[in-house]
Amino acid sequence: MTVDELWERYNELASEQPLSLEEFVEMAVSGQLGEDAVDPETLERFLRRVEGMMLANIETKLEEAPHFHAMREEAIERTQAMIADLIARYATSRGPRPDRDQGPPVG
């Protein structure tokens, strides 16, 4: 699946039902989108696109409501941290994630 296809699928699914970005990423990496699991590089590029859109949306909202300007830096930092976390957990490795590991290896 390409970045463009992921973007289209995300928008399609999110318009049909409440869907968090993390839920969509889980679907993508587990192969629930109808194809093989999305490779880490494509997933990272998709997440960077989402980040860019979210940051642009913050700026648009500030143009519409300048009184929110005091919250700009916090909103940007939260967005960047969320994307960095998703990339770290889903796009850098396909091995067991520490939060889901079943314990130390036996052997």
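The values are calculated or read from the model by the stated rules, or taken from the named source; none is laboratory data. All values derive from a computational prediction rather than experimental measurement. In this analysis, Cβ positions are derived from the backbone assuming ideal geometry, glycine residues included, and neighbour counts consider all displayed protein chains. We work out accessible area using only protein heavy atoms, side chains counted, and drop any ligands, DNA or RNA first. Shrake-Rupley method; radii C 1.70, N 1.55, O 1.52, S 1.80 Å.
A few comments on the model shown:
- Met82 being surrounded by 14 or more Cβ atoms within 10 Å (Cβ to Cβ), within 11 Å of the chain's Cα centre (by Cα) and in contact (Cβ under 8 Å) with a residue 60 or more places away in the chain: yes
- Evaluation of Glu59 against the conditions (1) within 10 Å of the chain's Cα centre (by Cα); (2) surrounded by fewer than 14 Cβ atoms within 10 Å (Cβ to Cβ) shows that the sole unmet condition is (1).
- Count of region 11-32 residues which are touching a Leu at 6+ places or on another chain (Cβ under 8 Å) and either under 23 Å from Ala81 (Cα atoms) or assigned to a loop (DSSP other than H, G, I, E, B) (or both): 8
- Which listed residue, of Arg100, Arg49, Arg45, Arg94, is modelled with pLDDT of 95 or more and open to solvent by 90 Å² or more (accessible area, probe 1.4 Å): Arg45
- Test: residue in region 54-70 that is in contact (Cβ under 8 Å) with a residue 24 or more places away in the chain, touching a Ser or Thr at 6+ places or on another chain (Cβ under 8 Å) and part of a helix (DSSP H, G or I): yes
- The set of residues from region 14-37 being surrounded by 15 or more Cβ atoms within 10 Å (Cβ to Cβ) and over 13 Å from the mean Cα position of the chain (by Cα) comprises Leu33, Ala37.
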